[in-house]
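Working notes for the structure below.
The values are calculated or read from the model by the stated rules, or taken from the named source; none is laboratory data. In this text, all values refer to a predicted model and were calculated from it rather than measured experimentally. Heads up, the Cβs are rebuilt from the backbone with ideal geometry, glycines too, and the neighbour counts pull from every protein chain shown.
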Amino acid sequence: MWPILAWARTPVAPVGGALVHCNIHDLAQPLVAQLLAQAGLPAQAVDALLLGNALGANGNPARMVALASGLPERVAAVSIDSQCCAGMDAVTHACAWLALGQADIAIAGGAEAWSRAPIRMHRPLDATQAPVPFERPAFAPWPQRDPDLFDAAATGAAASGCTRLAQDAWAVLSHQRARAYSATSAADAPPRPEIVPLAGLAHDAYPRALTATRAARMPQLRTASDAQGRDCGLSQIAVSPKADGAALLLLASPQACARWGVAPRAYWRAGVTLGAAPEQPMQAAQQAALALLQRQRTTPEQLAILELHDAFAAQALGFAAALGVAPQRLNQQGGGLARGHPIGASGAIALVQALAQLVPCVPWAPATPGQLALVAIAGAGGLGSATLLEAAGADSVRF
């Protein structure tokens, strides 16, 4: 159990959108300032910054964020790349640092400036050859076990009988929930308290007004059929789009809370990070979630919040089936399908979304001490991470 003092995220914008000019530290620096202001702590209180990032490939983005944010030069800064899981894994690593005494107060999460990501090229073997550009690296050492992620999602959908109709219906619901949450239909709507406006954007930019009819007209990205011949292909709306964004949490040890006179708003209760079959990476999220629930002797029925970064609609439906819950229990404010997928930040954004629901910042919806939230994400190469969060309160303050 590790105290969480504050959390914040940027709006999420599609690649080439409102955040196109933002580098990684441009996205994260306002969040660091917001976290410290929320907790009433000076920059000198921070011992470490751990940042998930998948596409930066430019030295140590965490160090850039720490320096740009005005944190003391002594602050340790570590960047973590476990692809989609990186933002959540950074938070788990921060809790490990607290447990080891490496830090008493840590900032952790993820940031991805996909619009500013470097162009990737394989270095030529000799001067007679030209560099070879590539879109993504290998995620497994064997090509036959490293499928295109869209192909893997379509294959998984067909194997489980997840039809395009069901996928599109889930995507429509995700967009409807995201629009209701972010009030994107109201130009003068105030920003959500967990979102720090940036570059003139105060709400997630991607959620749209969708209907089943409109979804049916969306282009099909991959074709697939199940054993009964039903269409299980991936439509454009059933895939989370490329995006820019960041999210950070402020964590502390119990000793630091006492020393600085601050009270937890929530707790990081436990986490699991594991590997799974690289051929079906989207199943790793449910495997991590089930392992975490088993270790914590917790059932899905005990969870107040279920948050999954759904890179694919078929992933969300498979996740719900694996946990034995109705899909409608997932992502009450919309998921990655409606927000977008800033890869290294997506896990941290899902954590912030869960915390914002677990501990509302409004007087008419107070937190219920002891309520639990499960957050999960899968990563390329067959990686899965899951986190269990708990709302703080007089009855739940225990270390």
Yes/no for Gln34 being on the phi > 0 side of the Ramachandran plot, touching a residue at least 40 places away in the same chain (Cβ under 8 Å) and under 20 Å from the mean Cα position of the chain (by Cα): no
Breaking point among (1) assigned to a loop (DSSP other than H, G, I, E, B); (2) on the phi < 0 side of the Ramachandran plot; (3) more than 19 Å from the chain's Cα centre (by Cα), for Gly56: (3)
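When you check Trp142 against the structure, is it free of Cβ contacts under 8 Å to residues at least 40 places away in the same chain and of a type in the set (Phe, Trp, Tyr), yes or no?
Yes, satisfied.
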Lone unmet requirement of (1) over 29 Å from Pro241 (Cβ atoms); (2) touching a Pro at 6+ places or on another chain (Cβ under 7 Å) for Leu71: (2)
Lone qualifier among Gln302, Gln333 - being of a type in the set (S, T, N, Q) and either within 15 Å of Cys85 (Cα to Cα) or out of contact with any Phe, Trp or Tyr (no Cβ under 7 Å at 6 or more places or on another chain) (or both): Gln302
Subset of region 295-307 (residues that are touching a strand residue (DSSP E or B) at 6+ places or on another chain (Cβ under 9 Å) and either surrounded by fewer than 22 Cβ atoms within 10 Å (Cβ to Cβ) or β-branched (Val, Ile, Thr) (or both)): Arg295, Gln296, Thr298, Pro300, Gln302, Leu303, Ala304, Ile305
Check on Ala103, surrounded by fewer than 12 Cβ atoms within 10 Å (Cβ to Cβ), touching a Phe, Trp or Tyr at 6+ places or on another chain (Cβ under 8 Å) and in contact (Cβ under 8 Å) with a residue 12 or more places away in the chain: no
Number of the condition not met by Val352 [criteria: (1) over 18 Å from the mean Cα position of the chain (by Cα); (2) buried (at least 19 other Cβ atoms within 10 Å of the Cβ); (3) modelled with pLDDT of 95 or more]: (1)
Residue in region 331-338 that is within 21 Å of Asp168 (Cα to Cα), part of a strand (DSSP E or B) and in contact with a Leu (Cβ under 9 Å, 6 or more places away or on another chain) present: no
Pick from region 201-258, criterion outside any loop (DSSP other than H, G, I, E, B), modelled with pLDDT of 95 or more and basic (Lys, Arg), ranking: surrounded by the most Cβ atoms within 10 Å (Cβ to Cβ): Arg222
Output for region 175-200, where each listed residue is out of contact with any Pro (no Cβ under 6 Å at 6 or more places or on another chain), basic (Lys, Arg) and modelled with pLDDT under 95: Arg192
Residues satisfying the stated conditions in region 110-133, i.e. of a type in the set (Ser, Thr, Tyr) and either surrounded by 13 or more Cβ atoms within 10 Å (Cβ to Cβ) or touching a Ser or Thr at 6+ places or on another chain (Cβ under 9 Å) (or both): Ser115
Hits in region 215-234 - residues which are free of Cβ contacts under 8 Å to residues at least 24 places away in the same chain and under 30 Å from Thr10 (Cβ atoms): Pro219
Residue check for Leu98: at pLDDT 95 or above, touching an Asp or Glu at 6+ places or on another chain (Cβ under 9 Å) and closer than 24 Å to Arg63 by Cα: yes
Sole residue being under 25 Å from the mean Cα position of the chain (by Cα) and under 24 Å from Gly233 (Cα atoms), chosen from Leu149, Leu98: Leu149
Residue list for region 2-21, filter: surrounded by 24 or more Cβ atoms within 10 Å (Cβ to Cβ), touching a helix residue (DSSP H, G or I) at 6+ places or on another chain (Cβ under 8 Å) and in a loop (DSSP other than H, G, I, E, B): Thr10, Val12, Leu19
Selected residue (criterion: surrounded by the most Cβ atoms within 10 Å (Cβ to Cβ)) from residues of region 134-177 that are assigned to a helix (DSSP H, G or I) and of a type in the set (Ser, Thr, Tyr): Ser174
Pairs where the first residue, in region 63-91, is in contact (Cβ under 8 Å) with a residue 60 or more places away in the chain and the second is polar (S, T, N, Q) and assigned to a helix (DSSP H, G or I), C-beta under 6 Å, 6+ apart: Cys84/Ser346
Residue within region 277-286 that is touching a Phe, Trp or Tyr at 6+ places or on another chain (Cβ under 6 Å), surrounded by 15 or more Cβ atoms within 10 Å (Cβ to Cβ), of a type in the set (S, T, N, Q) and more than 30 Å from Ile105 (Cα to Cα) present: yes
